[in-house]
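Worksheet: the structure to be examined is printed underneath.
The values are calculated or read from the model by the stated rules, or taken from the named source; none is laboratory data. From a predicted model like this one, the values you see are computed outputs, not experimental measurements. Positions of Cβ are generated from backbone atoms using ideal geometry, with glycine treated the same way; all protein chains shown enter the neighbour counts.
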Amino acid sequence: MNIDSPSAVCRNIFCSGPPLRIPEEDVYTLHKHPPPDIQQWALARGLLYEDCARAMRSVCNAAAPINQRLPPEVLMRVFACISPKGMGDIKLMHVCRSWRAILGETSEFWVDMLSLPKVWDIPDLLEAILHLSSSRPLALRAASPDVYSSKFMIPHLCRIIDLAIASTNTEFRQFYRLLREGHLSNLERLRLIYLGGTNSDPPVFEEEAEKCADACLPRLRRLELSPNFVDDHLVVASITSLSVLARNHGLTWLSNEAIPSPQALLRALSRCASQLTSLHFDHSTLPHEGWVSPEHCSRVDLPALLELSVDAFPSPVESFLSAITIPPSSSLSIRCGRYVHLLTLRDILCDHSGVASPDEFHASLEYSTLEMRTLNSGRELLNLKLRTSSTRSQTIPELVARILNQTHTITTATLRCERDVGMSQEEARSALDVFPHLARLTVVYSPATTFGPAARRPFKDGLVFVSALACTSSTADTDTVACPALEALTITGLGREAFLDPEALADELALVLGRRRAVVGCALGALTLEIDLRADPYYSYEGDAELAEKFQSAFFTRLEDFVDSFSVISC
């Protein structure tokens, strides 16, 4: 039979809409046949369906031996653990009546079915799945706000505890009416993304609507909003976590706006200040303009805050931190995407433990970024990441001095120098001078990746921070060195040249430690070297006893008078 495009009349007969839904291939097969042949085909197809239906009447399908081995309770547990991947998973109900009955009572399976986007395109199917999901709590993601206004959906709104919606101005007004009517009273987490609309400004709500927000969302704890929605009509007093989302963050790819004004942000924070424990601002969502100096406004006190994360330019960050008060023990993370000027955290957060009294300090120095972390008892208090300019080697000591209080008592520091930092010994010395109580120092380098003596660089040009430990001060009446309380020094990430030519490294370390001993009057307590030999893919140094003996002899003979304890770790 030749298959041609069906005529319009034939297509109208077979595809006129519900309830007739004949498969497309059958339409192509039958469109040239006369009505008597079509009737015979329909009768034969009906008999086939009846045979299938009779086969489905069996209580247990003999083709599924699992039915003879597992009780219904176990099968129900198995179905509850299945996460549907597509609409075709409904075929599990077609195995037999036993499976159909068990699956119909497994509400976990149907709750997971609601996460499939296609379910929300078929209202009848959505209504049936909501009924099968029983009274279990719902976490809904992919759906238009219009769906929640449907008559069959409204009785189930009280079951929603986690909801994510992307809406325009008009859709949001409809959704907000549902909030005001109390249908979402059990909501614990709300993610609301602003998609704009005919009017670029976000919707404005009357005063009585804002006052009823607390009563409408009494259990709301986590709130994630586009910047346009940050105001006191949604930031209710019960929330403990607030996140302001930028574009390229999930559904927020259409939004590229900052919070309308600092006043809107501070007004929203005032409503939830007493219980807020987590506060997060995505990239460039803080207001850029309109901040009032701290002398002319009262700070918003956030006494319960445990975590604060900010990603913005330095100027809005400084203005925001000056407008709030956070506990000294809170964890603070700051990321600045562009170098503008140095943050003066020491003046803004003078009482914060991450600035005033940390006991551990970490810094990572790269070509374009500077990351600094301070810890206390293993807990991170401050994480600062800045994009630096080409002259950053001159700004590192100044930045360290601007962040940490002069009275800090840091005893442990880690400096990661993955790449050539381009610093002089004087600049490195000024950076180390801010750690007068330092007892343990770890300097991390990247292992060498070049082979051959021609490409090898003298160690004195690479171990800038190590060499700076021997620099003496020229302004004091007596000679002093950086980190006078240093007891243990660890150098990691040394490459293969440190193993092949140990004399050069040993001579440099002996020179540094000898100068320190002459000034301090005692030897270094412990020195640990970690050498990475994985950078050489052409040769394995394991079992090379002669080379290992040469290495040990070079270091022990040169350093035995300057170090009490010496160890070498190779990997």
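Couple of notes before you dig in:
- Here I403 meets the list (1) surrounded by fewer than 19 Cβ atoms within 10 Å (Cβ to Cβ); (2) at pLDDT 80 or above almost entirely, failing just condition (1).
Residue by residue, here is whether (1) under 24 Å from R222 (Cα atoms); (2) not aromatic (F, W, Y) holds:
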position: S83; (1), (2): no, yes
position: I90; (1), (2): no, yes
position: S134; (1), (2): no, yes
position: P145; (1), (2): yes, yes
position: F172; (1), (2): yes, no
position: Y176; (1), (2): yes, no
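- Failed item in (1) at pLDDT 85 or above; (2) out of contact with any strand residue (DSSP E or B) (no Cβ under 6 Å at 6 or more places or on another chain); (3) closer than 23 Å to T409 by Cα, with T480 passing the rest: (1)
- Consider the range 162-177 and keep the residues that are under 26 Å from S83 (Cα atoms) and surrounded by fewer than 19 Cβ atoms within 10 Å (Cβ to Cβ). The one that is modelled with the highest pLDDT is D162.
- Sole residue being touching a residue at least 40 places away in the same chain (Cβ under 8 Å), assigned by TED's automatic domain parsing to the domain that holds I239 and either under 19 Å from L384 (Cβ atoms) or surrounded by fewer than 20 Cβ atoms within 10 Å (Cβ to Cβ) (or both), chosen from H288, H283, H296, H362: H283
- Taking the listed residues K118, K85, K91, the one that is assigned to a loop (DSSP other than H, G, I, E, B) and surrounded by fewer than 16 Cβ atoms within 10 Å (Cβ to Cβ) is K85, with no other qualifying.
- Residue in the range 335-351 that is charged (D, E, K, R) and part of a loop (DSSP other than H, G, I, E, B) present: yes
- Whichever residue in the range 492-524 is of a type in the set (A, V, I, L, M) and surrounded by 21 or more Cβ atoms within 10 Å (Cβ to Cβ) and, among such residues, is modelled with the lowest pLDDT: A498
- Residues of the range 124-148 that are part of a helix (DSSP H, G or I) and out of contact with any Leu (no Cβ under 7 Å at 6 or more places or on another chain): D124, L125, L126, E127, A128, L130, H131, L132, P145, D146, V147.
- Condition check for L527: of a type outside the set (D, E), outside any loop (DSSP other than H, G, I, E, B), at pLDDT 75 or above and buried (at least 17 other Cβ atoms within 10 Å of the Cβ): yes
- Tally, over the range 71-101, of residues that are touching a helix residue (DSSP H, G or I) at 6+ places or on another chain (Cβ under 6 Å), closer than 12 Å to L132 by Cβ and of a type in the set (A, V, I, L, M): 1
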